[in-house]
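This report concerns only the one structure given below.
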Amino acid sequence: QVQLVESGGGLVQTGGSLRLSCAASGSMFSTRIMVWYRQAPGNEREFVALITSVGTTNYADSVKGRFTISRDTARNTVYLQMNSLKPEDTAVYYCNTYPSNIKYWGQGTQVTVSS
C-alpha cells in the first residue's frame, strides 16, 4: 500500500527557513509528478509546488523565489525548502501526486510562522 508521510514542519519566525520532507513508500514514486499543497485554517487546500519525474518544477506565484522543491529518487523522498518565510505561509503542508489521489493524503506537517 502506498503511503506518503510528511515531516519537517515547526514554528519559525518571519524570515526563517524550514525544509519539509515527504517520504513515499511503494514503487510509484519515481514515475509520478509530486506536489506540495497547503491548507491554512478556514481556507481550501492550495497548490504550492510540483516536480516531474525528470525534475521540471512549477510554483505558485506566492512562493516563487522563496521555496524550492526537489526529489531524491533513491530515497523516495520529495523536499520543500522554504526560505524567507512569512506569516501567510502558516498552514498544514501535504504532499500528493498530480493529479491528487484521495488515498494518498496523509496527516501533513504543520508550519507556523510567527510575526
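The values are calculated or read from the model by the stated rules, or taken from the named source; none is laboratory data. As the structure is a computational prediction, the values presented were derived from the model and not from experiment. Note that we place each Cβ from the backbone using ideal geometry, even for glycine, and neighbour counts take in every protein chain shown. Ligands, DNA and RNA are stripped out before the accessible areas are found, and what is left, the full protein with its side chains, is counted by its heavy atoms. Shrake-Rupley method; radii C 1.70, N 1.55, O 1.52, S 1.80 Å.
A few remarks follow.
- Length released on extending from THR56 to THR68, taking residue separation times 0.36 nm less the Cα-Cα span: 3.2 nm
- Compactness ratio for the chain: Cα radius of gyration over 2.2 N^0.38 Å (N = residue count) comes to 0.99.
- Average accessible surface area per residue within the stretch 15-72, 1.4 Å rolling probe, Å²: 50
- Cα centroid separation, the stretch 49-77 to the stretch 86-105: 13 Å.
- GLU44 paired with ILE102, simple spin-label distance in nm, labels 7 Å along Cα-to-beta-carbon: 1.7
- The 3J(HN,Hα) values that the Karplus relation (6.51, -1.76, 1.60; θ = phi - 60°) gives for the stretch 88-102 are, in residue order, 6, 7, 4, 4, 8, 9, 10, 10, 6, 8, 10, x, 5, 10, 4 Hz. Gly and Pro appear as x.
- Normalising by residue count, the stretch 62-105 has a Cα convex hull of 102 Å³ per residue.
- DSSP-assigned coil residues among GluC sites (Glu not before Pro) in the stretch 21-115, each with at most 11 further Cβ atoms within 10 Å: GLU44
- Order by protection proxy (mean Cβ within 10 Å, highest first), peptides 49-57, 98-106, 33-41: 33-41, 49-57, 98-106
- Rounded percent of accessible protein surface that carbon and sulfur make up, the chain, 1.4 Å probe: 47
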